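Read the structure below first, then the notes.
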Amino acid sequence: AAGGGKVLQVIHITDAGPGTTTTSASFVDTDTTGSITCSATSSKVLVTFGGSCTGYRASDANQYSGPYRLYETVTTTAYPSTDYFARGALNGNISQSDNRFGTYVGGAWLHSPSSTSALTYTVQIKKGNDSTYWNETSGETATMTLMEIGA
């Protein structure tokens with residue numbers, strides 16, 4: 001049987017580049033961030049996002065963009081909680097060892113925050129092999145959509 005709630009509000013954010021660059025082995029916040037305040041503690045928040053994640057090619061067998069995830073600051077919850085969304089992989093080999101490559105990445109999270117405080121969601125990145133870039137150039141735009149789903 002169908003069930004679930006209704007969409008109570010929608011917040012949509014666009015983040016024009018250039019964005020965030022990191023060489024940190026720990027996750028850092030990007031500029032792709034949005035806030036929503038739920039009307040009830042029983043509400044859930046559906047977060048969707050997409051953007052460009054660029055990394056460096058380390059070797060023929062190690063070609064991917066940097067790790068990325070979502071983080072919420074009030075509940076201090078990261079998703080995925082174990083580490084990160086799958087990194088974008090490059091198909092085929094590149095002959096030069098210092099080539100950068102990027103791919104469009106995205107994800108979704110149905111969060112149950114049990115809160116009526118303002119919740120802030122942020123895309124976070126950390127280095128893959130070397131530097132990692134989110135929304136690297138002025139021609140790139142990342143997006144995030146936050147939807148409050150009522151019980």
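Details
- With a cut-off of 20 Å on the backbone N, the residues of segment 24-40 near the modelled label site 7 Å out from residue 73 along Cα-Cβ are 26-39.
- Distance between the modelled labels on residue 137 and residue 23, one decimal in nanometres: 2.3 nm (7 Å Cα→Cβ projection).
- Area accessible to solvent at residue 27, 1.4 Å probe radius, in Å²: 40
The values are calculated or read from the model by the stated rules, or taken from the named source; none is laboratory data. Since this is a predicted model, take the numbers as computed values, not measurements. Heads up, the Cβs are rebuilt from the backbone with ideal geometry, glycines too, and the neighbour counts pull from every protein chain shown. Please note that ligands, DNA and RNA were not included when accessible areas were found on the heavy atoms of the full protein model with its side chains. Shrake-Rupley method; radii C 1.70, N 1.55, O 1.52, S 1.80 Å.
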